[in-house]
Amino acid sequence: MGLFDKLKAGLTKTRDVLTKNLDNLIFGKRVLDQSLYDELEELMISADMGPQFTYDLIEDVKQRVKRKELDDASQIKKVLQERMIDILKRMEKPLTIPQGRPFVIMAIGVNGSGKTTTIGKMANMLRQGGHQVLLVAGDTFRAAAIEQLEVWGNRVGAPVIKQKMNADPAAVVFDAIGRIKAGFNGVVIVDTAGRLHTRTNLMEELKKVKRVIGKEMPDAPHEILLVLDATTGQNAVMQAKLFKEDIGATGIVLTKLDGTSKGGVVVRIAGELELPVRFIGVGEGMDDLRTFDSRDFTAALLD
């Protein structure tokens, strides 16, 4: 299966909600009237596109009808695709990682978002691209997180820096930066805790980890990647706002797009947060993390 087909297959659930329903909505000689707009609004909101995007889309359609640029409901799909690409294109900034010098990535996000798995897949992608990779088990509160990271490290050939469970995450990170000072010239990916029920503690802890990295290495972390679970829909947007404000996330990975009909949330995240979507996860496989491409994404969703 080609990359595009795989993406299309991964977005099946969202396609089923969004595209099939949209096709049904605009099928035949449907009149462009208020009842159509109401149904379109409901459809967009149910696909988690968000109220702002939905409002703008419907206004755009109405204006085009007024200007006699739109006379057929089937053209709504084209307007939708144009608007989606327009928003997503601005957020399409692949992560560029230099070869041969240290680059520190701090991965953040709530437990269950697929953070550790994403780190493993990213390590695999980087190793294939010729980078050295060092993984850092900074989520010291869950034994499973440390073990899972070690499993990934073994799979992709990346050493893992860890301490015993419940150790201070900042101390583990301090060890890792020590490796850079000793001459490690690759990518360091730091896993972090994500217990949201103690939000203030979590945010303070993440700030501390970030401070330790910055103190030991002034321009680091070079990227703070926020891993979001697409199946949580608008909750993902709320989480992203918190992490952006509190920690200063610089990019997003949207995981589990294959398991949700809420794939439209990527449009909302891009539009409301103005954070680049670096990668999307569309399956369980080692190679199912891919660089985000707005045209491929919208085509896989709507064509």
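Every number in this text was worked out from the coordinates using simple rules, so none of it is lab data. Because the structure is a prediction, the values reported are computed rather than measured. Glycine also receives a Cβ, built like all others from the backbone with ideal geometry; neighbour counts cover every protein chain displayed.
Scanning region 31-56 for residues that are touching a residue at least 24 places away in the same chain (Cβ under 8 Å), touching an Asp or Glu at 6+ places or on another chain (Cβ under 9 Å) and exposed (fewer than 15 other Cβ atoms within 10 Å of the Cβ) yields one hit, 52. For region 162-175, the criterion of a residue being assigned to a loop (DSSP other than H, G, I, E, B), in contact (Cβ under 8 Å) with a residue 24 or more places away in the chain, under 23 Å from the mean Cα position of the chain (by Cα) and within 16 Å of residue 123 (Cβ to Cβ) is satisfied by no position.
A quick yes/no check of all residues on (1) touching a strand residue (DSSP E or B) at 6+ places or on another chain (Cβ under 9 Å); (2) closer than 13 Å to residue 88 by Cα; (3) of a type in the set (A, V, I, L, M, F, W, C):
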residue	(1), (2), (3)
230	yes, no, yes
233	no, no, no
256	yes, no, no
269	yes, yes, yes
273	yes, yes, yes
292	yes, yes, yes
302	no, no, yes
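Restricting region 178-192 to residues that are touching a residue at least 60 places away in the same chain (Cβ under 8 Å) and more than 26 Å from the chain's Cα centre (by Cα) leaves a set whose member that is nearest to residue 212 (Cα to Cα) is 180.
Mind checking whether some residue in region 94-110 is part of a helix (DSSP H, G or I), hydrophobic (A, V, I, L, M, F, W, C), touching a strand residue (DSSP E or B) at 6+ places or on another chain (Cβ under 7 Å) and surrounded by 19 or more Cβ atoms within 10 Å (Cβ to Cβ)? So far as region 94-110 goes, no, none of its residues is part of a helix (DSSP H, G or I), hydrophobic (A, V, I, L, M, F, W, C), touching a strand residue (DSSP E or B) at 6+ places or on another chain (Cβ under 7 Å) and surrounded by 19 or more Cβ atoms within 10 Å (Cβ to Cβ). Taking every residue in region 1-14 that is farther than 12 Å from residue 257 by Cα and pairing it with any residue that is of a type in the set (Asp, Glu) and surrounded by fewer than 18 Cβ atoms within 10 Å (Cβ to Cβ), at least 6 positions away or on another chain, the pairs with Cβ-Cβ distances below 7 Å are 4/296.
Restricting attention to region 56-74, the residues being more than 20 Å from residue 14 (Cα to Cα), part of a helix (DSSP H, G or I) and not hydrophobic (A, V, I, L, M, F, W, C) number 7. Is region 236-245 home to any residue that is under 14 Å from residue 272 (Cα atoms) and β-branched (Val, Ile, Thr)? Checking region 236-245: at least one residue is under 14 Å from residue 272 (Cα atoms) and β-branched (Val, Ile, Thr).
Selection of region 251-285 for residues being more than 28 Å from residue 23 (Cα to Cα) and touching a Gly at 6+ places or on another chain (Cβ under 8 Å) yields 253, 275, 276, 278. The condition (being touching a residue at least 40 places away in the same chain (Cβ under 8 Å), surrounded by fewer than 22 Cβ atoms within 10 Å (Cβ to Cβ) and either in contact with a strand residue (DSSP E or B) (Cβ under 6 Å, 6 or more places away or on another chain) or within 19 Å of residue 252 (Cα to Cα) (or both)) is satisfied by just one residue among 126, 135, 149: 126. Residue 28 meets each of the listed conditions (1) among the small types (Gly, Ala, Ser); (2) in contact (Cβ under 8 Å) with a residue 24 or more places away in the chain; (3) not in a helix (DSSP H, G or I) apart from (2).
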